[in-house]
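The values are calculated or read from the model by the stated rules, or taken from the named source; none is laboratory data. Note that this is a predicted model, so its numbers are computed, not measured. Every residue, glycine as well, gets a Cβ built from its backbone with ideal geometry; the counts of neighbours run over all protein chains shown.
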Amino acid sequence: MAEQIIKTEYSELMQKSYIDYSMSVITARALPDARDGLKPVQRRVLYAMDQLGLNYDKPHRKSARIVGDTMGKFHPHGDSSIYETLVVLSQDFKKGMALVDGHGNFGSIEGDGAAAMRYTEAKLKKFTQDVYLADLDKDVVDFVPNFDETEKEPEVLPVRVPNLLVNGADGIAVGMTTNIPTHNLGEVVDAVCAYMDNEEITTEELMTYCQGPDFPTGGLVVNKKELLGIYESGTGKIKLRGKVEFEPGKRRSDRDKLVITQIPYTMVGANIGKFISDVVDLIEAKKASDVVDISNESSKEGIRIVLELKKNADVDNLINLLYKKTKLEDTFGVNMLAIVDGKPETLGIKKIIEHHINFQYELNTRKYNTLLKKELDNKEIKEGLIKACDIIDLIIEILRGSKNLKMAKECLVNGNTDEIKFKSSASQKRASKLSFTERQATAILEMRLYKLIGLEILALQKEYDECLVKIAKYEKILGSKKEMAKVIKADLLKIKKEYAVERRTVIEDGKEAVFKEKEVAEQEVMFIMDRFGYAKTIDMSAYERNKEAVHKENKYIFKCLNTDKIYIFTDNGNLHQIKVLDIPFTRFRDKGTPIDNLGNYDSSGENIIYLCASNDIKEKKMLFVTKMGMVKLVDASEFEASKRTVASTKLQDNDSIVCIYDTDAKLEVFSKFSIDGVVKEEEEIISEQNVILQTEQGVFIKFPLSDIPQKKKAAIGVRGLKLGKDDFIKDVYLLTDTDTVTIEHKGKKLEFSKIKLTHRDSKGTKVR
């Protein structure tokens with residue numbers, strides 16, 4: 001068999017395939033339809049439940065059965081996504097109006113997951129049946145084949161309220177996302193009615209009816225002035241806050257409390273636990289020092305997070321701190337993206353309502369056409385039966401004289417009396433004039449004898465009159481847009497009356513949360529750290545009393561201010577900063593806290609080269625010497641940073657810091673005249689100190705500190721010594737000409753004063 005090979009550009013094929021995939025995700029998976037406000041999986045779950053007969057007044061049914069039916073008939077994309085959808089539809093803390101009545105563990109507001117679908121049960125809510133699934137039998141929406149064309153499913157559900165607003169939506173597609181907040185059902189209905197009364201209504205006027213989002217978790221929206229712009233464009237950021245109440249202690253011994261009773265919608269789930277841990281961090285960092293304890297007393301009745309306070313706590317400042325530093329104040333990014341006529345479109349509130357109203361006109365037109373057709377058929381039958389009752393004797397005679405049903409029906413419809421035996425020619429003549437319709441003839445032949453009772457005949461006449469009234473009503477509705485609008489509005493108001501709830505979210509223009517940190521009384525403390533890395537600060541008087549023991553038992557000891565920072569320079573070029581206030585202020589005999597736990601310093605991967613208070617090296621030049629003989633001076637101002645960890649220097653590969661000193665070096669700038677008379681400014685390092693470098697192989701070099709240039713912390717530096725093969729810097733000494741220092745080298749005493757002073761970047765002298 002001959003093969004047909006089609007040559008094509010790979011990139012073009014991939015591009016086309018990816019676009020097709022993207023559009024499939026956008027239109028058939030991730031984004032809701034503007035008409036019913038549902039994503040395909042949500043629509044299919046609700047329809048599958050309707051098909052299973054899971055009405056609100058029926059028993060619950062296993063979720064696994066619902067998921068199985070949905071996946072097998074309509075949504076072949078895996079059971080996890082279907083069950084997750086079912087769970088979310090039942091969670092009243094995520095949806096403005098929950099659509100599913102869940103029985104069992106369907107998760108909690110604190111982020112607990114739902115039980116497995118084999119353990120839970122569900123059925124439809126009455127609201128869902130009445131508002132989302134009613135009239136499906138009245139040909140109001142198109143039905144399309146399912147994925148394998150074995151079943152039919154509705155293209156959209158005949159939802160009678162703007163579900164896109166009532167329940168909101170969220171979804172991530174390819175290259176786009178939707179995030180629509182929930183709104184109050186009653187307010188949305190009022191806004192829709194206002195639009196139907198005046199299609200030229202502005203967004204601002206609409207927002208007098210629908211004030212803004214109404215989240216199921218309550219809370220506060222505090223940027224009311226920005227909402228108009230958000231609802232006009234369909235995009236923006238809503239600023240949310242939790243509701244905090246102050247509860248004073250009932251008795252003298254009781255503590256005052258701050259109680260969080262409502263949370264921002266964005267805090268739902270794991271963020272509640274994150275909030276509590278953030279508050280604990282603030283307490284440990286001594287920013288929320290007024291808080292004694294925090295506990296989560298939330299239950300099915302609602303959110304209740306309790307903060308116990310110290311006496312005379314600054315409540316307002318603490319609340320502002322919670323708003324500023326935790327998720328108790330958050331933003332909700334609005335992006336009202338939905339599918340309109342098969343294409344994604346960003347919609348403002350007016351556009352959403354407009355699309356909904358157009359959809360309602362379409363639904364009601366189809367509904368009342370169906371009802372009108374039904375009543376016209378009913379009218380036809382009723383007319384036939386009434387006529388038949390008047391000539392019932394003749395009809396009985398036709399039936400008795402006919403050989404079969406077909407013969408009798410032919411007589412009733414066309415007046416064909418051939419082969420029918422009549423009692424008299426008059427009867428035959430009357431029968432030949434009959435002209436019932438096919439439908440009327442069928443109804444007459446199927447009519448039961450009890451219908452001939454007098455009262456039944458009267459009831460038939462009454463039904464006929466009622467039928468005429470309905471036909472007139474339906475024709476009136478279909479013949480006038482104004483009349484149809486009345487019907488839609490009446491239906492909406494009925495829904496509002498039965499299902500609307502009070503607004504839960506307060507909308508206002510809140511003040512900016514301003515937190516003022518309490519000023520700490522500045523005092524001198526003694527920082528001490530032992531050789532195991534346990535650090536603490538103690539009072540100066542405690543130090544004076546235990547001076548001897550302090551110096552005997554500890555490795556690092558220096559004076560600092562409690563408002564200062566501790567600098568930790570390590571061999572790998574890091575500089576870690578720790579606030580002195582974060583170091584435990586204890587008694588002398590208390591153990592302290594490992595320095596690793598106070599900042600980012602990790603003793604397992606780096607070693608401390610230099611440790612000091614930031615104020616101690618202020619305005620000083622720091623000498624850096626590396627293992628490979630690179631040297632430089634760095635101004636201490638370079639190390640000032642807000643981050644807890646920064647780079648103190650740049651190192652070459654396989655290099656490390658050997659030594660860091662604070663020096664007496666000063667940088668002086670002087671003017672110099674050139675031959676052509678131009679004044680130039682030059683920098684010069686002034687110092688009375690000398691640097692001595694000692695290598696592993698016993699090479700020494702001594703040169704003035706002024707030979708070392710000042711560099712930025714990001715610079716590598718300059719060479720201090722020409723190292724031999726496999727040699728490296730072992731020790732560094734910094735001293736003046738008057739200093740007398742002697743070390744032991746190879747069993748002999750070596751006086752530094754006898755080492756010849758040379759210049760930087762020479763070979764040095766090997767001492768034997």
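Summary table
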read-out: Single unsatisfied condition, I685 versus (1) crowded, with 18+ Cβ neighbours inside 10 Å; (2) more than 56 Å from the chain's Cα centre (by Cα); (3) in a loop (DSSP other than H, G, I, E, B); (4) not aromatic (F, W, Y); value: (3)
read-out: Checklist (1) part of a helix (DSSP H, G or I); (2) modelled with pLDDT of 90 or more applied to L412, failing item; value: (2)
read-out: Failed item in (1) among the β-branched types (V, I, T); (2) under 23 Å from A34 (Cβ atoms); (3) touching a residue at least 40 places away in the same chain (Cβ under 8 Å), with T120 passing the rest; value: (2)
read-out: Condition met for L445 (under 16 Å from G384 (Cα atoms), assigned to a helix (DSSP H, G or I) and in contact (Cβ under 8 Å) with a residue 60 or more places away in the chain); value: no
read-out: Answer residue from region 592-617, given it is part of a strand (DSSP E or B) and of a type outside the set (S, T, Y) and is farthest from V580 (Cα to Cα) among those; value: I609
read-out: Odd one out for E345, checked against (1) in a helix (DSSP H, G or I); (2) within 24 Å of the chain's Cα centre (by Cα); value: (1)
read-out: Long-range neighbours under 7 Å by Cβ, at least six apart or interchain, first residue among the acidic types (D, E) within region 129-143, second surrounded by 16 or more Cβ atoms within 10 Å (Cβ to Cβ); value: D135/P158; D135/K367; D139/R366; D139/T370
read-out: Single unsatisfied condition, N574 versus (1) surrounded by fewer than 19 Cβ atoms within 10 Å (Cβ to Cβ); (2) modelled with pLDDT of 90 or more; (3) among the polar types (S, T, N, Q); value: (1)
read-out: So S81, is it among the polar types (S, T, N, Q), under 30 Å from K274 (Cβ atoms) and touching a helix residue (DSSP H, G or I) at 6+ places or on another chain (Cβ under 8 Å); value: yes
read-out: Restricting region 279-323 to residues that are in contact with a helix residue (DSSP H, G or I) (Cβ under 8 Å, 6 or more places away or on another chain) and surrounded by fewer than 17 Cβ atoms within 10 Å (Cβ to Cβ), the residue that is nearest to R255 (Cα to Cα); value: S289
read-out: Tabulated pairs, region 40-61, first assigned by TED's automatic domain parsing to the domain that holds G72 and in contact (Cβ under 8 Å) with a residue 60 or more places away in the chain, second surrounded by fewer than 16 Cβ atoms within 10 Å (Cβ to Cβ) and part of a loop (DSSP other than H, G, I, E, B), C-beta under 8 angstrom, 6+ apart or interchain; value: L54/H60
read-out: Subset tally (residues that are crowded, with 18+ Cβ neighbours inside 10 Å, more than 23 Å from the chain's Cα centre (by Cα) and part of a strand (DSSP E or B)) for region 140-190; value: 2
read-out: Enumeration of residues in region 119-139 that are assigned to a loop (DSSP other than H, G, I, E, B) and modelled with pLDDT of 95 or more; value: Y119, T120, K125
read-out: Number of the condition not met by G68 [criteria: (1) within 16 Å of L157 (Cβ to Cβ); (2) part of a helix (DSSP H, G or I); (3) of a type outside the set (V, I, T)]; value: (1)
read-out: Set K476, K536, K470, K451: member being surrounded by 11 or more Cβ atoms within 10 Å (Cβ to Cβ) and either assigned to a strand (DSSP E or B) or modelled with pLDDT of 95 or more (or both); value: K536
read-out: Unique residue being touching a residue at least 12 places away in the same chain (Cβ under 8 Å) and over 49 Å from the mean Cα position of the chain (by Cα) when the list is K618, K650, K643, K666; value: K666
read-out: Criterion: modelled with pLDDT of 90 or more, within 25 Å of L623 (Cα to Cα) and either in a strand (DSSP E or B) or not assigned by TED's automatic domain parsing to the domain that holds K713 (or both) - qualifying residue of Y543, Y567; value: Y567
